[in-house]
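Q: Structure below; questions to follow.
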Amino acid sequence: VQPRVEELSELYRELSQHPGLSTACLGPDLTTQYGGKYCSLYTEWSQRDLARAENIKFCRQYLIFHDGASIVYSGPAGTCSEIKDELLSRESPSGTLKAVLRKVPGKGKEKEKQFLEVWDQNRKVKSIDLTALDKHGSVYDDDQFGCLAWSHSETHLLYVAEKKRPKAESFFESKAPELGTSDEDTGHPKKEDAPIKGEKFVYYEDWGETLSTRSVPVLCVLDIEGNSISVLEGIPEHLSPGQAFWSPEDTGVVFVGWWHEPFRLGLRHCTNRRSALFYVDLTSGRCELLSEDTRAVWSPRLSPDGCRIVYLENNVLGPHQQCSRLRMYDWYTKHTSTVLEAVPRQAWGAFPGIYCGALPGMCWAADSRRILLDTAQRSQQEVFVVDTATGTTTSLTADAPQGSWSVLTIDRDLLVARFSNPSCPPMLKVAVLPTAGHEAQTQWICLQDTPPIPGITWGIRTLKPPPEQEHPQYRGLDFDAILMRPSEGPTAQKPPLVVMPHGGPHSVFTATWMLYPAALCRVGFAVLLVNYRGSLGFGQDNVASLPGNVGTQDVRDVQLCVERVLQEETLDASRVALVGGSHGGFLACHLIGQFPDTYHACVVRNPVVNIASMVATTDIPDWCLTETGLPYKPDALPDAAQWTEMLHKSPMRCVDQVRAPVLLMLGEDDRRVPPKQGLEYYRALKARGVPTRLLWYPGNNHALAGVEAEADGFMNMALWLLKHLQ
């Protein structure tokens, strides 16, 4: 029986209220009158507010009593409170000060302003109007370039902002002359810089999806005592700087520089862009290269003793996400070593390699020798400790509950992590990192428990492709799928099946809390999340097997998985549907064309449908060539055979066979897979009489993650599936 719209919306409202845990920060150790040690733990969470149609942030504090070797007692201190208009915040090294970047709505016709605040234990001691100082454009609050870093002396703050653009006007603009502000030195009125004529409509390149307001980043330093801001000189013109921090002794700044010549390519989720680690000296302005300059590097982290910097490294171009190397630069010997190489094949139970978008902001153990990181291990996410001197790795979560673990912070060997699984929303865990050699004995304590969602069971299954579908160069690869089933309700015995391949294609479904699959399961669907060959967490060979084989290898892996679960599980084979976004949408559109008898409904979000027409409009044209199996060069133009190959590998070529009704959801501001892709498919389906519906979401980009679009998307998806799988 089709649940009423009210029941669906109530279910979504209930499940969407589970908050996500985003950051954690440990305060300094304090000593009680009885000699016991304790510290505060500050956490930030995010939650969807459907009534306000926005994501809200709130904070909650906890107390942790410990004796250095174990946690004696821990618990919450007070209730939650909402955080308003904070873009960035960072505690000082001593824990006595906090810096906050805040947006303040303009009064009347004024534009929104940005303020940099400094707080001590009990009050706000500085509030600096960055907009009024006009030394730069907006401060970056993203996690790609952005930073807010205290100097070790706690006298200066370092951040990244958009370079100030000269004022521009058209050739025929005329205005009455305005009196400028008074000159600081003479007290006389000064004229504003005259606008440059004819520059009003000059195009500025940007960094693509989710970074469309980022063009020319600059490093800025605030002198807290002097209330003065300086924009750092000495950074080469061909580089865009970000992810910066102070060098030991505060003599200069270490940063990642991304090459932006001959033009900028999309950077979000692309850990294959040419970049390197640099040091700029504050006294001389000299800029020095610290890493190789023919690689892609990111996430530099300085050890507590100020001697070593670890960072992640990939090859330039190729798959956007790969198995990364962990590299280490010694500040005093200037020697760079490889701590961990990429792992070609993931051996069962062994370290799988590094597949993460970033290292934790605080990742070093107190010994300045070991670091903590989390990474996909097949279809789970685990926390590992890495000995940088020997390259040995130990899982801290191997004996912990199955699911997805993430490191939030480590400080003085107190470790804070997030845990969730497909039937359990995020919870907060803490532990003391044991001494070297004993890490496997880590004892996790739950600080903020979340009861599991009733009515959902899940498990992971492993599949091997048949011999004829093996990759000739990479034989013996396998892949996983996560199957979620409803354990109660009218369909629990024989539920319909929703098949979800992930996007990327080089990403992975880990056994984590996911709102859409959990909600579909509660509606009464079984959900199959497929990590086809090419996914992360299975070794670099698995990643490398897919480029050149999209549209065949990945499609066959998903189909094999579907046929296998329909054989082995009690599922309703007459009611199978597809849901996918981005490359998952590419696969869904392929599957309904290549296997029209299997699928009876389809929902796609910002799908790739025609690689040939996407290459000229996306922020990542290299993706189109790489995944098609063609070499990418910025100055190369595809020839007729290459255009043909791109089209041949696209779902558009099998649109004539499609019979399943298709619901399309498109983000108007998607730069990655522009909505023209979905429109192209919509028109092709309409022309062939296939039932189709298109939802167009203004103000939403590739992720369709706006609260209103996400909620509306779920309702329409669930109703579409219920209608067409009756």
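The values are calculated or read from the model by the stated rules, or taken from the named source; none is laboratory data. Just so it is clear, the structure is predicted and the values come from calculations on it, not from any experiment. All Cβ positions, glycine included, derive from the backbone under ideal geometry; neighbour counts span all protein chains shown. Heads up: the accessible areas ignore ligands, DNA and RNA and are worked out on the full protein's heavy atoms, side chains in. Shrake-Rupley method; radii C 1.70, N 1.55, O 1.52, S 1.80 Å.
Q: Quick one: in region 291-305, of everything that is part of a loop (DSSP other than H, G, I, E, B) and open to solvent by 10 Å² or more (accessible area, probe 1.4 Å), which residue is farthest from Gly353 (Cα to Cα)?
A: Per the stated criteria, the residue is Asp305.
Q: Considering only residues that are among the hydroxyl-bearing types (Ser, Thr, Tyr) and either touching a residue at least 24 places away in the same chain (Cβ under 8 Å) or over 16 Å from Ile56 (Cβ atoms) (or both), which ones fall in region 72-113?
A: As a first pass, look at region 72-113 and keep what is among the hydroxyl-bearing types (Ser, Thr, Tyr): 73-74, 79, 81, 89, 92, 94, 96.
Listed by number, the residues that qualify are Tyr73, Ser74, Ser89, Ser92, Ser94, Thr96.
Q: Still on this model: Being aliphatic (A, V, I, L, M) and at pLDDT 95 or above is the filter; apply it to region 446-469 and report the residue that is surrounded by the most Cβ atoms within 10 Å (Cβ to Cβ).
A: Keep residues of region 446-469 that are aliphatic (A, V, I, L, M), which gives 447, 453, 456, 460, 463.
Next, from what is left, pick out any that are at pLDDT 95 or above: 453, 456, 460, 463.
Details: Ile453: 18, Ile456: 20, Ile460: 18, Leu463: 18.
The residue in question is Ile456.
Q: Okay, next question. What about Pro319, is it open to solvent by 40 Å² or more (accessible area, probe 1.4 Å), farther than 27 Å from Lys429 by Cβ and part of a loop (DSSP other than H, G, I, E, B)? Before the answer, list the steps.
A: Numbers: open to solvent by 40 Å² or more (accessible area, probe 1.4 Å): no; farther than 27 Å from Lys429 by Cβ: yes; part of a loop (DSSP other than H, G, I, E, B): yes.
No; evaluated as a whole, the condition is false for this residue.
Q: Checking the structure you have, find out if any residue of region 5-13 is over 30 Å from Val523 (Cα atoms), buried (at least 18 other Cβ atoms within 10 Å of the Cβ) and at pLDDT 95 or above. Break it down into steps so the answer makes sense when it comes.
A: At the first step, the residues of region 5-13 found to be over 30 Å from Val523 (Cα atoms) are none.
No: zero hits.
Q: Within the group Asp281, Asp330, which residue is surrounded by fewer than 19 Cβ atoms within 10 Å (Cβ to Cβ) and either touching a residue at least 40 places away in the same chain (Cβ under 8 Å) or in contact with a Leu (Cβ under 7 Å, 6 or more places away or on another chain) (or both)? Even if it seems obvious, please write down each step before you answer.
A: Numbers: Asp330 fails: either touching a residue at least 40 places away in the same chain (Cβ under 8 Å) or in contact with a Leu (Cβ under 7 Å, 6 or more places away or on another chain) (or both).
From the options Asp281, Asp330, the qualifying one is Asp281.
Q: Hey, can you tell me all the residues within region 239-253 that are open to solvent by 20 Å² or more (accessible area, probe 1.4 Å) and either under 16 Å from Val297 (Cα atoms) or touching a residue at least 40 places away in the same chain (Cβ under 8 Å) (or both)? Can you show your working first?
A: First, the residues of region 239-253 that are open to solvent by 20 Å² or more (accessible area, probe 1.4 Å): 243, 245, 249-251.
Within region 239-253, Gln243, Phe245, Glu249, Asp250 qualify.
Q: Among Leu477, Leu483, Leu447, which is in a loop (DSSP other than H, G, I, E, B) and of a type in the set (A, V, I, L, M, F, W, C)? Break it down stepwise before answering.
A: Working: Leu483 fails: in a loop (DSSP other than H, G, I, E, B); Leu447 fails: in a loop (DSSP other than H, G, I, E, B).
Within the list Leu477, Leu483, Leu447, the selection yields Leu477.
Q: Next question, about the same structure. Condition check: basic (Lys, Arg), touching a residue at least 24 places away in the same chain (Cβ under 8 Å) and part of a loop (DSSP other than H, G, I, E, B). Does Arg268 satisfy that?
A: Details: basic (Lys, Arg): yes; touching a residue at least 24 places away in the same chain (Cβ under 8 Å): yes; part of a loop (DSSP other than H, G, I, E, B): yes.
Yes.
Q: I'm trying to understand the selection: among the residues of region 627-658, which are open to solvent by less than 80 Å² (accessible area, probe 1.4 Å) and not in a loop (DSSP other than H, G, I, E, B)?
A: Glu627, Thr628, Ala640, Ala641, Gln642, Glu645, Met646, Leu647, Pro651, Met652, Cys654, Val655, listed by residue number.
Q: Follow-up. Taking the residues in region 193-216 that are assigned to a loop (DSSP other than H, G, I, E, B) and among the aliphatic types (A, V, I, L, M) as candidates, determine which candidate is farthest from Lys167 (Cα to Cα). Please lay out each step first, then the result.
A: Keep residues of region 193-216 that are assigned to a loop (DSSP other than H, G, I, E, B), which gives 193-195, 198-216.
Right, trim to among the aliphatic types (A, V, I, L, M) and you get 194, 202, 211, 216.
Details: Ala194: 7, Val202: 12, Leu211: 22, Val216: 16 Å.
Among residues in region 193-216 that are assigned to a loop (DSSP other than H, G, I, E, B) and among the aliphatic types (A, V, I, L, M), the one farthest from Lys167 (Cα to Cα) is Leu211.
Q: Another question, then. From Val216, Val256, which residue is farther than 25 Å from Trp331 by Cα, modelled with pLDDT of 95 or more and surrounded by 14 or more Cβ atoms within 10 Å (Cβ to Cβ)? Walk me through it before giving the result.
A: Values: Val256 fails: farther than 25 Å from Trp331 by Cα.
Exactly one residue qualifies, and that residue is Val216.
Q: Just the residues that are without any contact (Cβ under 8 Å) to a residue 40 or more places away in the chain and touching a Leu at 6+ places or on another chain (Cβ under 9 Å), please, taken from region 654-701.
A: Result: Leu679, Tyr682, Leu685, Pro691, Thr692, Arg693, Leu694, Leu695, Trp696, Tyr697, Asn700.
One line per residue, one yes/no per condition, for (1) of a type outside the set (A, V, I, L, M); (2) closer than 25 Å to Phe538 by Cα; (3) out of contact with any strand residue (DSSP E or B) (no Cβ under 7 Å at 6 or more places or on another chain):
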residue	(1), (2), (3)
Phe245	yes, no, no
Gly257	yes, no, no
Arg268	yes, yes, yes
Thr271	yes, yes, no
Tyr279	yes, no, no
Leu290	no, no, no
Asn314	yes, yes, no
Pro319	yes, yes, yes
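Q: Do any residues in region 703-726 that are over 11 Å from Met665 (Cα atoms) have Cβ atoms under 6 Å from those of residues that are surrounded by fewer than 19 Cβ atoms within 10 Å (Cβ to Cβ) and of a type in the set (Gly, Ala, Ser), where the two are at least six apart or on different chains, and which pairs are they?
A: Between residues of region 703-726 that are over 11 Å from Met665 (Cα atoms) and residues that are surrounded by fewer than 19 Cβ atoms within 10 Å (Cβ to Cβ) and of a type in the set (Gly, Ala, Ser), the close pairs are Val707/Ala53; Glu708/Ala53.
Q: Among the residues of region 130-151, is any under 22 Å from Ser46 (Cα atoms), surrounded by 17 or more Cβ atoms within 10 Å (Cβ to Cβ), at pLDDT 95 or above and aromatic (Phe, Trp, Tyr)?
A: Taking region 130-151 first, the residues under 22 Å from Ser46 (Cα atoms) are 139-148.
Next, from what is left, pick out any that are surrounded by 17 or more Cβ atoms within 10 Å (Cβ to Cβ): 139-142, 144-148.
Restricting the remaining residues to those that are at pLDDT 95 or above gives 139-142, 144-148.
Cutting the leftovers down to aromatic (Phe, Trp, Tyr) gives us 140, 145.
The answer is yes; a qualifying residue exists.
Q: Inside region 260-273, can you point out the residues that are buried (at least 18 other Cβ atoms within 10 Å of the Cβ) and of a type outside the set (S, T, N, Q)?
A: Our first condition is that a residue be buried (at least 18 other Cβ atoms within 10 Å of the Cβ); within region 260-273, this holds for 260, 264-273.
Answer for region 260-273, where residues must be buried (at least 18 other Cβ atoms within 10 Å of the Cβ) and of a type outside the set (S, T, N, Q): His260, Arg264, Leu265, Gly266, Leu267, Arg268, His269, Cys270, Arg273.
Q: Examine region 575-589 for a residue that is more than 27 Å from the chain's Cα centre (by Cα) and open to solvent by 40 Å² or more (accessible area, probe 1.4 Å), and state whether such a residue exists. Can you show your working first?
A: Step one: list which residues in region 575-589 are more than 27 Å from the chain's Cα centre (by Cα), which gives 575-577.
Then keep just the ones that are open to solvent by 40 Å² or more (accessible area, probe 1.4 Å); that gives 575.
Yes, because at least one residue in region 575-589 is more than 27 Å from the chain's Cα centre (by Cα) and open to solvent by 40 Å² or more (accessible area, probe 1.4 Å).
Q: Being more than 17 Å from Leu373 (Cβ to Cβ) and outside any strand (DSSP E or B) is the filter here; which residues of region 322-343 pass it?
A: Passing the criteria: Trp331, Tyr332, Thr333, Lys334, His335.
Q: Moving on. Among the residues in region 33-52, are any in contact with a strand residue (DSSP E or B) (Cβ under 9 Å, 6 or more places away or on another chain), more than 25 Å from Trp364 (Cβ to Cβ), in contact (Cβ under 8 Å) with a residue 60 or more places away in the chain and open to solvent by 40 Å² or more (accessible area, probe 1.4 Å)?
A: yes
Q: For region 358-401: of the residues being open to solvent by 30 Å² or more (accessible area, probe 1.4 Å) and aliphatic (A, V, I, L, M), which is nearest to Arg308 (Cα to Cα)?
A: Ala389
Q: If you don't mind, there's one more thing I want to ask. So which of Gln346, Gln381 ends up being touching a residue at least 24 places away in the same chain (Cβ under 8 Å), in a strand (DSSP E or B) and within 23 Å of His583 (Cβ to Cβ)? Quick ask: steps written out before the conclusion?
A: On the way: Gln346 fails: in a strand (DSSP E or B).
Answer to the selection: Gln381.
Q: Moving on. Among the residues of region 596-626, how many are open to solvent by less than 10 Å² (accessible area, probe 1.4 Å) and over 30 Å from Ala718 (Cα atoms)?
A: Here is the first cut: in region 596-626, the ones open to solvent by less than 10 Å² (accessible area, probe 1.4 Å) are 599, 601-604, 606-609, 611, 614, 620, 622, 624.
Within this subset, residues satisfying the condition of being over 30 Å from Ala718 (Cα atoms) are 620, 622, 624.
Within region 596-626, residues that are open to solvent by less than 10 Å² (accessible area, probe 1.4 Å) and over 30 Å from Ala718 (Cα atoms) number 3.
Q: Do the conditions hold for Glu82, that is, is it in contact with a Leu (Cβ under 8 Å, 6 or more places away or on another chain), over 23 Å from His152 (Cα atoms), at pLDDT 95 or above and surrounded by fewer than 17 Cβ atoms within 10 Å (Cβ to Cβ)?
A: On the way: in contact with a Leu (Cβ under 8 Å, 6 or more places away or on another chain): no; over 23 Å from His152 (Cα atoms): yes; at pLDDT 95 or above: yes; surrounded by fewer than 17 Cβ atoms within 10 Å (Cβ to Cβ): yes.
Judged against the criteria, Glu82 is not a match.
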